[in-house]
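Student: For reference, the structure I am asking about is given below.
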2 protein chains.
Amino acid sequence: MPLSFEVRDTDLLGRIGTLTVGGKKVETPCLLPVIHPVRQSITTAELKKMGFQALMTNSYIIYRRRKEEALQKKIHSLLGFDGVFMTDSGGYQVLEYGSVEISYDESARFQSSIGSDLAVTLDRPTGYTTSEARAKETMMYSLRNAEATMKEFGESITSWVGPIQGGLFDPLLKKSAVGLVAAGFKMLALGSPVQVMDSYRFAELVGMILAARRSIPYSMPLHLFGAGHPLTMALSVALGCDTFDSASYVLFAKNDRYMTENGILRLGEMTYLPCSCVACVSTTPKELGEMPRDERTRALALHNLHVLRAEMLACREAITEGRLWDLVQVRCSSHPRLTEAFSVMAGEAELLSVGTRHFRDKGLMVRSAHDLGRPEVLRSAARLDASFRRGSGTALLLVGGDQIPIGEVKGPAAALGRRNPDVFRLHPVLGVYPAELDYVYPFTQTVAALHPQPGGTEAAKKRLRRLGYKKVEVWEVGKGGRAQRAESRSRRSR
Amino acid sequence: MPLSFEVRDTDLLGRIGTLTVGGKKVETPCLLPVIHPVRQSITTAELKKMGFQALMTNSYIIYRRRKEEALQKKIHSLLGFDGVFMTDSGGYQVLEYGSVEISYDESARFQSSIGSDLAVTLDRPTGYTTSEARAKETMMYSLRNAEATMKEFGESITSWVGPIQGGLFDPLLKKSAVGLVAAGFKMLALGSPVQVMDSYRFAELVGMILAARRSIPYSMPLHLFGAGHPLTMALSVALGCDTFDSASYVLFAKNDRYMTENGILRLGEMTYLPCSCVACVSTTPKELGEMPRDERTRALALHNLHVLRAEMLACREAITEGRLWDLVQVRCSSHPRLTEAFSVMAGEAELLSVGTRHFRDKGLMVRSAHDLGRPEVLRSAARLDASFRRGSGTALLLVGGDQIPIGEVKGPAAALGRRNPDVFRLHPVLGVYPAELDYVYPFTQTVAALHPQPGGTEAAKKRLRRLGYKKVEVWEVGKGGRAQRAESRSRRSR
């Protein structure tokens, strides 16, 4: 039963998919809550009830502390969860504790023997380093282990996940990803974003994900390690990450940190709980503060999980509705460092346009200059370029009245009938376009907050003259669709 | 027991207050769900359990359909709610049905007799009209009724709420508000925003609220009629609205519309329910769609109420944390029409700064040009102007290294010691400032996504020369706080 990944819907580089592994199905984008193999604040039964279809745990801790039991029972019954289990190799423990005492093949054999569905080959996370030599060393170590594991073990019940390392160095990330694909991995995982995210270097996170995504086939699922920040999930999904694992829900809870979809708050500073989840709806920060520590951690962990779960569903819903760009923009408006990251993403419209549908039945929102980089806007500009033909004689340029369909514009009809000129309209965002495209997405479906570009009319006239029109008549469309020649109006008002 | 309003905390024009009326207390900002006096999708007991301390209902419908029963039982036991009851006069029914058959004094007598805590005098909502004559007529009718009611009935158990009308005409809104205050009203309610909001004219909504707020004392609570859109609550709170009533939760539910804090979705188009409330957490859009209509309406109404309740709490929490501007900005990033409204608000920093604290222990976020209008930014500019003194000799201008406190800047110390020049720093957002202010809010507490203004260094040098400095030495602060003379560096790099 090899791993398979089926994409059902797309938006930007994000997609709704079904990941099948170990004979079990997981809908993506998907967060895998990390559970500790020995003690859990939230039980696996509770996680399942909340709708989580896959969990992550650490095979090295199991190896060290529950080895025999795990080999005998297998992981699903050991931890009481019949969904997909992904196991980490213990590589992350190197980052935290300096070293782990296990070899790549011992790790792989153990993960396979306990029946893990998705197992990460033993890696050495690059972490956040400015040393290219150090980054290269960790990347090469991880790649060699991965190649050797795949060679020795191949695909079985357990599917191998290849860890992409290389930190912030694009060429290393590329070499790592390309090497893992060549070695036969069907799913990759991008490593080391935790420290990048903890220090709010979100623009660099965007760069890392794009470097990885560009280097692997579109059809291959990509996991992002340790990405449990509610603010970055939509962003990572838009950049093509399919699955995430994180212990953030419980780690944050232990520090009395309360997730919201706009940021992380500190329980001690809170007066209200702006949330409707079961952990919040009938209590207060004061009551939570007075609980015994374990009970409070559990309540906060449950709340944090609910926020992450809702965000995961919001990402999926946004993809199906073609609103992922909008969701990312709203999330990224909550912190300047995220606004920067959004700028970086917005500069990659061509790459992002892969999954953006060509037509949709909803308005296209243009709120800021960033939105001028939306795939839909760039695409319509390209469609425009293709639709202009050489002109001659008189062109009629209608300005204003953006929401009034061409058929309802009154006034220039007489002029139209007599001289039959080509008619164009001026869109505040998309510029000049042939009036025939008026009903074509997104010309009248664009809701814009940007004011018309100053000098837009002059630029449009110039463009039309360049196309060969001898004369451009400008008509202004006013209330109720009544159009008036701009020149004659200005004469009269003198 | 007259109405009293006590303000506990403020941010922008928003405030956390306690409204005491009829001997009962309501914490503000506060949403009053509108209930139908005959049939309720969500019962008053459920609303109370969700934490709603006040409800709104229509006294005219009670008058027409349950008059005797209401006079006998009084409103609280009639409808089974012991919190604050606010009653509308039936004026809104004029807007919907053309006319109501009740006089102002009959309406007032009835509302008072059934024991309403807060009663609106009989008004004629202006609605959305472009006719100033029509707007004036409705405003004057409402004002005269209000004056007459207050004269005849005065304050008793029932406190009177004066309805501000005038639609989109600022002078009329002002005349209305000033007249009501003069007539002795202790609480006012701004009318007719529903149609303005339904047509997404949010910038005009901001204008209406500001016109009303400017015309009444800061200490007076202001109600906003019919404002139950989750996207505009934070905006309205920031502009000084304290209470809201709305039936939107159930009206939207009847049309299968699903509220989120980023917009309204249509159940029929949804695949996922991105929410953790009791109505959503264990069901799907498909299951909801297959429910009998009444049951589905009830589930959606419950969900919508949970969204509005959480938003109300988010507004309160944002005020206590001094983050209301940020919350409004995030909410307004979800729709171009709201982005426009936010621009209008951002242009009123002086007015908004009333409630903004002078110091806070959190970073100030600057994400966009709009944020340059934040009260804190304008205030620090004013503080700067006051702190500059006439200079002479050499000024040292440190550029870059914005997050590195002046005490940790290495390099110019020697220059400092020898010649003792005045030291200035260049902030990417706030401009040039004396280095002594480095630890003063918000100079190093500002988290900015804006790139330094191009020409910022030149502008800073010019400003320092105007202050009398003969020479301005520019030093660049690099990694680890190491500073280097910009001139010498550029010489070397040639």
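The values are calculated or read from the model by the stated rules, or taken from the named source; none is laboratory data. Quick caveat, the model's predicted, so the values are computed rather than measured. Cβ placement follows ideal geometry from the backbone for every residue including glycine, while neighbour counts extend to all protein chains displayed.
Student: Answer yes or no: is there a residue in the stretch A:39-50 that is more than 30 Å from residue A:218 (Cα to Cα), within 14 Å of another protein chain (Cβ to nearest Cβ), over 24 Å from the mean Cα position of the chain (by Cα) and not β-branched (Val, Ile, Thr).
Tutor: Yes: the stretch A:39-50 contains one or more residues that are more than 30 Å from residue A:218 (Cα to Cα), within 14 Å of another protein chain (Cβ to nearest Cβ), over 24 Å from the mean Cα position of the chain (by Cα) and not β-branched (Val, Ile, Thr).
Student: Sticking with this structure for a sec: Residue by residue through the stretch A:318-330, note down the ones that are surrounded by fewer than 23 Cβ atoms within 10 Å (Cβ to Cβ) and assigned to a helix (DSSP H, G or I).
Tutor: Across the stretch A:318-330, the qualifying residues are A:320, A:321.
Student: Within the stretch B:310-321, can you find the residues that are facing another protein chain (nearest Cβ under 7 Å) and either in contact with a Phe, Trp or Tyr (Cβ under 8 Å, 6 or more places away or on another chain) or within 15 Å of residue B:262 (Cα to Cα) (or both)? Show your work before the answer.
Tutor: Here is the first cut: in the stretch B:310-321, the residues facing another protein chain (nearest Cβ under 7 Å) are B:310, B:313-314, B:316-317, B:320-321.
Across the stretch B:310-321, the qualifying residues are B:310, B:313, B:314, B:316, B:317, B:320.
Student: A further question follows. Limited to the stretch B:331-372, what total is found for residues that are free of Cβ contacts under 8 Å to residues at least 40 places away in the same chain, part of a helix (DSSP H, G or I) and at the interface with another protein chain (Cβ under 8 Å from one of its Cβ atoms)?
Tutor: So the answer is 2.
Student: Let me ask something else about it. Here's a check for you: in the stretch A:208-234, which residue that is among the small types (Gly, Ala, Ser) and buried (at least 19 other Cβ atoms within 10 Å of the Cβ) is nearest to residue A:338 (Cα to Cα)?
Tutor: Only one residue fits best here, namely A:234.
Student: I'd like to know if the stretch B:70-84 contains one or more residues that are assigned to a strand (DSSP E or B) and either at negative phi or surrounded by 20 or more Cβ atoms within 10 Å (Cβ to Cβ) (or both).
Tutor: Checked the stretch B:70-84: at least one residue is assigned to a strand (DSSP E or B) and either at negative phi or surrounded by 20 or more Cβ atoms within 10 Å (Cβ to Cβ) (or both).
Student: Hey, can you tell me all the residues within the stretch A:431-454 that are modelled with pLDDT of 70 or more and more than 14 Å from chain B (Cβ to nearest Cβ)?
Tutor: Residues satisfying the conditions are A:431, A:432, A:433, A:434, A:435, A:436, A:437, A:438, A:439, A:440, A:441, A:443.
Student: Give the residues of the stretch B:162-185 that are in a loop (DSSP other than H, G, I, E, B) and crowded, with 21+ Cβ neighbours inside 10 Å, sorted by residue number. Reasoning before the result, please.
Tutor: From the stretch B:162-185, those in a loop (DSSP other than H, G, I, E, B) are B:165-169, B:183-185; that's our starting set.
If the condition is that a residue be in a loop (DSSP other than H, G, I, E, B) and crowded, with 21+ Cβ neighbours inside 10 Å, then B:165, B:166, B:167, B:169, B:185 are the ones that fit.
Student: Still on this structure, I have one more. Please report, ordered by residue number, the strands (runs of 3 or more DSSP E) entirely within the stretch A:196-307 with at least 1 residues that are more than 14 Å from every other protein chain (Cβ to nearest Cβ), touching a His at 6+ places or on another chain (Cβ under 7 Å) and in contact (Cβ under 8 Å) with a residue 12 or more places away in the chain.
Tutor: Ranges flagged: A:243-246.
Student: Tally time: how many residues in the stretch A:384-402 are within 27 Å of residue A:447 (Cα to Cα) and modelled with pLDDT under 75?
Tutor: Of the residues in the stretch A:384-402, 7 are within 27 Å of residue A:447 (Cα to Cα) and modelled with pLDDT under 75.
Student: Continuing with the same structure: Take the stretch A:243-260 and flag every residue that is crowded, with 24+ Cβ neighbours inside 10 Å and touching a Lys or Arg at 6+ places or on another chain (Cβ under 8 Å).
Tutor: Hits for the stretch A:243-260 are A:253, A:258.
Student: Please pick out the residue among B:71, B:12 that is over 25 Å from residue B:304 (Cβ atoms), away from chain A (no Cβ under 14 Å) and touching a residue at least 60 places away in the same chain (Cβ under 8 Å).
Tutor: B:12
Student: Now, a different point. Just the residues that are aliphatic (A, V, I, L, M) and in a strand (DSSP E or B), please, taken from the stretch A:39-59.
Tutor: Correct list: A:54, A:55, A:56.
Student: Checking residue B:306 against (1) closer than 25 Å to residue B:280 by Cα; (2) modelled with pLDDT under 90; (3) not aliphatic (A, V, I, L, M), only one condition comes out false. Which one?
Tutor: Condition not satisfied by residue B:306: (2).
Student: Additional query: Out of the residues in the stretch A:7-38 that are more than 17 Å from the chain's Cα centre (by Cα) and assigned to a loop (DSSP other than H, G, I, E, B), state the one that is surrounded by the fewest Cβ atoms within 10 Å (Cβ to Cβ).
Tutor: The extreme case among them is A:23.
Student: Still on this model: Could you check the stretch A:210-229 and list, in sequence order, the residues that are of a type in the set (Lys, Arg) and either touching a strand residue (DSSP E or B) at 6+ places or on another chain (Cβ under 9 Å) or under 19 Å from residue A:91 (Cβ atoms) (or both)?
Tutor: A:213
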